[in-house]
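This report concerns only the one structure given below.
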Amino acid sequence: MLRANRYALICAVVAAAGAAAQTSGLTNPYRMVDGWAKMPAGRIMGAVGGVTIDPDGKHIWAIVRCDATALDRFGDECLDSDLDPVLKFDMDGNVVESFGGGIFIWPHGIDVAPDGSVWVTDGARPAKIPPGSKRGHRVVKFSQTGEVLMVLGTPGKAGAGPDRFMSPADVVVADSGEIFVADGHVDEGNNRVVKFAKNGEYIKEWGKTGSAPGEFRTLHAIAMDSRGRIFVGDRSNNRIQIFDREGAFLAEWSQFGRPSGIFIDAEDRIYVADSESDNVENPGWEMGIRVGDARTGWVESFILYPWSNPQETRGHGAEFVAADSDGNLYAGEPRPRVLRKYVRVRP
């Protein structure tokens with residue numbers, strides 16, 4: 001028992017030292033821009049979910065949930081609303097397209113595939129889905145104008161089979177059209193990655209609940225680099241896990257904090273939003289956005305979330321992030337209800 005306690009203490013010290021090494025002295029080459037996102041007349045900004053960049057490089061897509069007044073409804077903000085939660089912004093922050101009203105209960109993750117199709121997950125928690133509902137536990141593929149092209153999962157029905165999800169959190173689509181779904185957004189849920197063919201046919205899955213390599217506890221984000229490696233934000237295990245496209249485990253990284261959102265650009269720069277660290281869940285770390293190299297895992301810069309007491313603001317700050325070709329960031333903050341832009345300041 002003494003040896004085990006000593007080992008645990010050594011691990012804690014090493015982890016704390018690693019946290020300090022990854023944040024101490026890191027630069028922040030970004031300037032925060034308030035008021036960038038402009039909502040259509042009469043609409044209040046809701047909780048912001050997933051954020052990504054259009055393949056044209058000239059538009060930002062974001063999930064903006066429907067109920068902008070009652071934060072105690074966390075998990076069903078679009079249940080009783082017909083507002084469009086899928087919004088397309090131009091580079092000046094104006095909404096130029098919107099759709100998805102009446103389709104989701106809790107839209108969460110978003111990806112725009114290389115062919116321009118828009119993929120959105122409905123991560124509603126099982127307790128938030130009314131009996132008989134035809135929404136929730138699914139992934140929807142849209143055209144750029146909101147036409148529903150495909151649905152993965154059985155609407156309103158939680159499960160662990162090839163045609164069911166439980167609170168799917170995020171999705172990423174490869175150049176080949178293969179679809180990878182991070183399922184799901186609850187600690188004791190399916191905790192798996194599900195792979196589908198371009199036509200929606202189930203191929204395989206990997207993962208289960210746990211903390212060993214290849215196991216997960218709340219898959220909150222999924223992304224792909226230029227080599228086709230799959231990066232999974234294993235949030236409740238405070239790590240990113242990396243796999244090949246067949247699910248073979250390659251590596252795990254803890255240096256990016258407690259990952260809520262992951263974005264990898266065309267140059268393999270990785271951007272990780274951490275909205276929950278520096279609390280009892282991941283002591284010794286700080287909330288913010290870490291930017292680094294997806295090839296080496298090296299963290300190069302850090303945008304610290306600067307407001308309030310972190311013990312009281314868990315879940316605040318950037319939970320999702322994307323970057324344009326100029327290196328400017330777009331961060332979705334659910335609790336403060338902000339889609340914020342960070343301009344990269346050139347030396």
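Some points to look at:
- Odd one out for residue 281, checked against (1) in contact with a Pro (Cβ under 9 Å, 6 or more places away or on another chain); (2) within 14 Å of residue 239 (Cβ to Cβ); (3) of a type in the set (Asp, Glu): (1)
- Inter-residue pairs, beta-carbon under 8 Å, first within 17 Å of residue 328 (Cβ to Cβ) and in contact (Cβ under 8 Å) with a residue 40 or more places away in the chain and in segment 265-289, second assigned to a loop (DSSP other than H, G, I, E, B) and of a type in the set (Asp, Glu), 6+ apart: 270/225; 271/265; 273/319
- Test for residue 270: is it within 18 Å of residue 32 (Cβ to Cβ), crowded, with 17+ Cβ neighbours inside 10 Å and under 17 Å from the mean Cα position of the chain (by Cα): no
Rundown of residues vs (1) more than 20 Å from residue 114 (Cα to Cα); (2) of a type in the set (A, V, I, L, M); (3) surrounded by fewer than 19 Cβ atoms within 10 Å (Cβ to Cβ), yes/no style:
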{"position": "172", "(1), (2), (3)": "no, yes, no"}
{"position": "184", "(1), (2), (3)": "yes, no, no"}
{"position": "188", "(1), (2), (3)": "yes, no, yes"}
{"position": "197", "(1), (2), (3)": "no, yes, yes"}
{"position": "201", "(1), (2), (3)": "no, no, yes"}
{"position": "210", "(1), (2), (3)": "yes, no, yes"}
{"position": "241", "(1), (2), (3)": "yes, no, no"}
{"position": "246", "(1), (2), (3)": "yes, no, yes"}
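- Residue match in segment 142-153 (condition: small (Gly, Ala, Ser), touching a residue at least 24 places away in the same chain (Cβ under 8 Å), surrounded by fewer than 16 Cβ atoms within 10 Å (Cβ to Cβ) and more than 21 Å from residue 262 (Cα to Cα)): yes
- Each residue in segment 40-64 was checked for being within 18 Å of the chain's Cα centre (by Cα) and either not in a strand (DSSP E or B) or not polar (S, T, N, Q) (or both), and 13 pass.
Each row is one residue, and each column tells you yes or no for (1) in contact with a Lys or Arg (Cβ under 7 Å, 6 or more places away or on another chain); (2) surrounded by 14 or more Cβ atoms within 10 Å (Cβ to Cβ).
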| residue | (1), (2) |
| --- | --- |
| 40 | no, no |
| 43 | no, yes |
| 50 | no, yes |
| 69 | no, no |
| 75 | yes, yes |
| 86 | no, yes |
| 94 | yes, no |
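- Looking only at residues of segment 66-100 that are among the small types (Gly, Ala, Ser) and in a loop (DSSP other than H, G, I, E, B), we find that the one that is nearest to the chain's Cα centre (by Cα) is 75.
We did not get these values from a lab; they are worked out from the coordinates using the rules stated. Quantities reported herein were computed from a predicted structural model and do not represent experimental measurements. Counting neighbours? That spans all protein chains shown, and the Cβs are built from the backbone with ideal geometry, glycine included.
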